[in-house]
1. In the range 83-98, how many residues are more than 22 Å from Val23 (Cβ to Cβ) and either assigned to a loop (DSSP other than H, G, I, E, B) or among the β-branched types (Val, Ile, Thr) (or both)?
2. Pairs under 6 Å by beta carbon, first residue assigned to a loop (DSSP other than H, G, I, E, B) in the range 45-63, partner surrounded by fewer than 19 Cβ atoms within 10 Å (Cβ to Cβ) and not hydrophobic (A, V, I, L, M, F, W, C), six or more apart or different chains?
3. Say whether the condition of being of a type in the set (Val, Ile, Thr), within 18 Å of Val45 (Cβ to Cβ) and surrounded by 14 or more Cβ atoms within 10 Å (Cβ to Cβ) is met by at least one residue in the range 117-139.
4. Return a yes/no flag: does the range 91-100 have any residue that is under 21 Å from Ile136 (Cβ atoms) and buried (at least 18 other Cβ atoms within 10 Å of the Cβ).
5. What number of residues within the range 100-142 are of a type in the set (D, E, K, R) and within 25 Å of Val88 (Cα to Cα)?
6. Of all residues in the range 30-44, count the ones that are assigned to a strand (DSSP E or B) and either in contact (Cβ under 8 Å) with a residue 60 or more places away in the chain or in contact with a His (Cβ under 9 Å, 6 or more places away or on another chain) (or both).
7. Taking only pairs six or more apart or across chains, which ones have beta-carbon atoms under 8 Å, a first residue in the range 69-90 that is touching a residue at least 12 places away in the same chain (Cβ under 8 Å) and exposed (fewer than 14 other Cβ atoms within 10 Å of the Cβ), and a second residue that is among the charged types (D, E, K, R) and part of a loop (DSSP other than H, G, I, E, B)?
8. Give me a count of the residues in the range 53-71 that are under 13 Å from the mean Cα position of the chain (by Cα) and farther than 17 Å from Gln41 by Cα.
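Read-outs: derived from the displayed coordinates by stated rules, not from any lab. The structure displayed is predicted, hence computed values, not measured ones. Cβ placement follows ideal geometry from the backbone for every residue including glycine, while neighbour counts extend to all protein chains displayed.
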Amino acid sequence: MKKLVIAAAAVLSLSAFAADLSVDQVRDYSVAKDGIRVGTQVVGVSVAATHIGDEYNRVSVGKDFELTKLGPVALSAGGAAVYQKTQVAGVDNGFGLTVGAKATYAVTKSVDAVVGTEKFYGQNRISGFNGNTGMIGVSVKF
């Protein structure tokens, strides 16, 4: 019973945070393939999962910092620690870092259009995936 109460308290405390879900179409220019990214904000920290076809899956944890606003467009920059699970035979999995920038345009009070780019720097064993990624997507707050 005690575990049930603790689990219920944890779920209720998480529900107090506003949810921010983003879905992005991504293009990895180092492997010239398209994919999808799903992400969220948890207590100000960005958590995302990226899937690029038969190349790799990446999970990232990082932070974005708002730089300035140009009218209705907010510009931000950030970075993330990344773990890559490579799908290519003979290539290991590994860790890396990303740095990037994005522009966010508020379509409505709870929907944003997002465009961005990032640069990936991986360990030697996955350095063949180093390069630029472009993204365009939608972020929904509820």
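1. So the first thing to find is which residues in the range 83-98 are more than 22 Å from Val23 (Cβ to Cβ), and the list is 86, 88-97.
Add one more test, that the residue is either assigned to a loop (DSSP other than H, G, I, E, B) or among the β-branched types (Val, Ile, Thr) (or both), and what stays is 86, 88-93.
Looking only at that region, the number is 7.
2. Listed by first residue and then by second, the contacts come to Gly53/Lys33; Asp54/Gln87; Glu55/Lys33; Glu55/Gln87.
3. So the first thing to find is which residues in the range 117-139 are of a type in the set (Val, Ile, Thr), and the list is 117, 126, 133, 136, 138.
Within this subset, residues satisfying the condition of being within 18 Å of Val45 (Cβ to Cβ) are none.
Within the range 117-139 (the criterion being of a type in the set (Val, Ile, Thr), within 18 Å of Val45 (Cβ to Cβ) and surrounded by 14 or more Cβ atoms within 10 Å (Cβ to Cβ)), the answer is no, since none of the residues qualifies.
4. Our first condition is that a residue be under 21 Å from Ile136 (Cβ atoms); within the range 91-100, this holds for 98-100.
From what's left, buried (at least 18 other Cβ atoms within 10 Å of the Cβ): 98, 100.
Scanning the range 91-100, I find at least one residue that is under 21 Å from Ile136 (Cβ atoms) and buried (at least 18 other Cβ atoms within 10 Å of the Cβ), so the answer is yes.
5. We begin by selecting, within the range 100-142, every residue of a type in the set (D, E, K, R); these are 102, 109, 112, 118-119, 125, 141.
Retained after the next criterion (residues that are within 25 Å of Val88 (Cα to Cα)): 118-119, 125.
Total satisfying the criteria: 3.
6. Of all residues in the range 30-44, those assigned to a strand (DSSP E or B) come to 33-42.
In the following step, the residues that additionally are either in contact (Cβ under 8 Å) with a residue 60 or more places away in the chain or in contact with a His (Cβ under 9 Å, 6 or more places away or on another chain) (or both) were identified as 35-38.
Residues flagged as assigned to a strand (DSSP E or B) and either in contact (Cβ under 8 Å) with a residue 60 or more places away in the chain or in contact with a His (Cβ under 9 Å, 6 or more places away or on another chain) (or both) within the range 30-44 amount to 4.
7. Val88/Asp54; Val88/Glu55
8. Initial filter on the range 53-71 (under 13 Å from the mean Cα position of the chain (by Cα)): 57-64.
Restricting the remaining residues to those that are farther than 17 Å from Gln41 by Cα gives 57.
Of the residues in that region, 1 qualify.
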